[in-house]
Amino acid sequence: MREITLVNWGLGAMGSGIAKLVSRKRGLVSVGAFDSDPGKWGRNLSEVLGLKGSTDVVIQEPPQFDLGISDVDIVLIATGSYTRQVVQQIEVAVNAGSNVITIAEEMAFPAAQQPELAEYLDKIAKNKGVTILGTGINPGFVLDTLVIALTGTCLDVQKITATRVNDLAPFGPTVMATQGVGVTVQQFRDGLADGSIVGHIGFQASINLIAKSLGWKIDEIRETREPIVSKVRRQTEYATVEPGNVAGCKHTAQGMLHGRVLIELIHPQQVLPQLEGVATGDYIKIAGEPALNLQIQPEIPGGLGTMAMAVNMIPQVIAAKPGLLSMADLPIPAALLGDAREILAMRRG
Ligand code: NAD
């Protein structure tokens, strides 16, 4: 049985971790890699990932129209956050007959913010008989898939409150910029006003995914964003925060119906919260029958969790019906520990 072939599109903090994880998995093999950074072009993928030995894969400039590699089972995209940023990459992959997993936040449920693009992606995927999925740690798991699964044990649900207190340190420059990590408080406020700082990008996707799965209607989503101001110096691989500057964004969202809050998501994200004694954790409270209270401390690590979700969902995506799907449409995620080819064969039945 031939190995499941992959292309890694985007080799930043997450994409590199995803490619490294692929190299550890039996039955998976990377056959191509793209990044827009010219400094990586022409270099061996193993060397850039810091792995021993060399592979047959040389990192290339991203293609505009033609993937240029045949028989690729799945393209893993880790380049940007918004549907419009990744749609061209998805088009190239789908036109080549490849399935797609992307960690772009909006793509966890693109119909929420980009209904026309979502419809278009669904159409081209169905035409080519392939599947497209947006996933990750969040959106993709903690504040949506895990919440939805938990409600499966409830007779009734009145309200969901879910909180994720996390460390942004594993993420790369793209996330530091959208969260405003390292800037002054004034720059943070200016960034919010001009749209260059947005905080968390997944709330619309998560709230719509939860509501759709439970059969709830939402008529309004309210959001608040506040800077998390650091008292101490914080230094990570991708950011420096001086005392008095911004370590992250406290972002909340409420999914409402007729003025009543049905879904409340609270997500203070910052680099190195432990430097000021802030413990990370994931908390889901369901007011319902029965009332539930799930606590995970410390947080499910965001970087590792994202890499794992992108790779662990590969068999589910390849085995799925064609189209643009969400985490709520697919079998539950599970760690991919055996030979991926055997797990795929099992999933195909
Ligand atoms: P990063 O800034 O470290 O890496 C982005 C990489 O993509 C860089 O190497 C860049 O050169 C490359 N790139 C950008 N545009 C490209 C293009 N058109 N073609 C090829 N390469 C391109 O960011 P990261 O931390 O790796 O995160 C990647 C994206 O995933 C971000 O948008 C981030 O917000 C998102 N993300 C989502 C989740 C989730 O849970 N869903 C989790 C982590 C990150």
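The values are calculated or read from the model by the stated rules, or taken from the named source; none is laboratory data. Keep in mind that what you see is a predicted model, and the values were worked out from it rather than measured. In this analysis, Cβ positions are derived from the backbone assuming ideal geometry, glycine residues included, and neighbour counts consider all displayed protein chains. To get the accessible areas, we keep the full protein, side chains included, count just its heavy atoms, and leave off ligands, DNA and RNA. Shrake-Rupley method; radii C 1.70, N 1.55, O 1.52, S 1.80 Å.
Here's a check for you: in the range 79-96, which residue that is in a helix (DSSP H, G or I) and near the ligand (Cβ under 9 Å from one of its atoms) is least open to solvent (accessible area, probe 1.4 Å)?
First, pick out the residues of the range 79-96 that are in a helix (DSSP H, G or I): 83-95.
If we keep only those that are near the ligand (Cβ under 9 Å from one of its atoms) too, we end up with 85-86, 88-89.
Details: Gln85: 90, Val86: 0, Gln88: 56, Gln89: 21 Å².
Ranking the candidates gives Val86 first.
Mind listing whichever residues of the range 279-302 are β-branched (Val, Ile, Thr) and surrounded by fewer than 18 Cβ atoms within 10 Å (Cβ to Cβ)? Break it down into steps so the answer makes sense when it comes.
Initially, the range 279-302 is screened for residues β-branched (Val, Ile, Thr), giving 280, 284, 286, 296, 300.
Correct list: Ile296 only.
Yes or no, residue by residue, for (1) surrounded by fewer than 18 Cβ atoms within 10 Å (Cβ to Cβ); (2) touching a strand residue (DSSP E or B) at 6+ places or on another chain (Cβ under 9 Å):
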{"site": "Trp9", "(1), (2)": "no, yes"}
{"site": "Gly15", "(1), (2)": "no, yes"}
{"site": "Val22", "(1), (2)": "no, yes"}
{"site": "Arg26", "(1), (2)": "yes, no"}
{"site": "Phe34", "(1), (2)": "no, yes"}
{"site": "Gly39", "(1), (2)": "yes, no"}
{"site": "Gly42", "(1), (2)": "yes, yes"}
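Residues that are open to solvent by less than 40 Å² (accessible area, probe 1.4 Å) and within 14 Å of the ligand (Cβ to nearest atom) do occur in the range 208-220. Asp71 meets each of the listed conditions (1) in contact (Cβ under 8 Å) with a residue 60 or more places away in the chain; (2) within 11 Å of Ala19 (Cα to Cα) apart from (2). The residues in the range 281-307 that are over 18 Å from Cys154 (Cβ atoms) and either away from the ligand (no atom under 11 Å from the Cβ) or in a loop (DSSP other than H, G, I, E, B) (or both) can be counted, and the count is 8.
Beta carbons closer than 9 Å, at least 6 apart along the sequence or on distinct chains, pair a first residue in the range 255-278 that is of a type in the set (S, T, N, Q) and open to solvent by 40 Å² or more (accessible area, probe 1.4 Å) with a second that is in a strand (DSSP E or B) and at pLDDT 95 or above for Gln274/Asp167. Starting from the range 211-224, take each residue that is farther than 14 Å from Thr252 by Cβ and list its partners that are among the aromatic types (Phe, Trp, Tyr) and buried (at least 16 other Cβ atoms within 10 Å of the Cβ), counting only C-beta distances under 9 angstrom and pairs at least six apart or across chains. Filtered contacts from the range 211-224: Lys212/Phe109.
Here is a yes/no grid of residues against (1) over 28 Å from Ala279 (Cβ atoms); (2) surrounded by fewer than 24 Cβ atoms within 10 Å (Cβ to Cβ):
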| site | (1), (2) |
| --- | --- |
| Leu117 | yes, yes |
| Ile124 | yes, yes |
| Val130 | yes, no |
| Asp167 | no, yes |
| Thr178 | no, yes |
| Gly191 | no, yes |
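When you scan the range 97-114, do you find a residue that is part of a helix (DSSP H, G or I) and more than 16 Å from the ligand (Cβ to nearest atom), even just one? There is at least one residue in the range 97-114 that is part of a helix (DSSP H, G or I) and more than 16 Å from the ligand (Cβ to nearest atom). Considered as a group, the residues in the range 1-21 that are aliphatic (A, V, I, L, M) and over 17 Å from the mean Cα position of the chain (by Cα) include one that is nearest to the ligand (Cβ to nearest atom), and that residue is Val7.
Here Pro115 clears all of (1) out of contact with any His (no Cβ under 8 Å at 6 or more places or on another chain); (2) touching a residue at least 12 places away in the same chain (Cβ under 8 Å); (3) closer than 25 Å to Ile263 by Cβ except the condition numbered (2). Those helices (runs of 4 or more DSSP H) of the range 143-207 in which 2 or more residues are within 10 Å of the ligand (Cβ to nearest atom) occupy 173-179.
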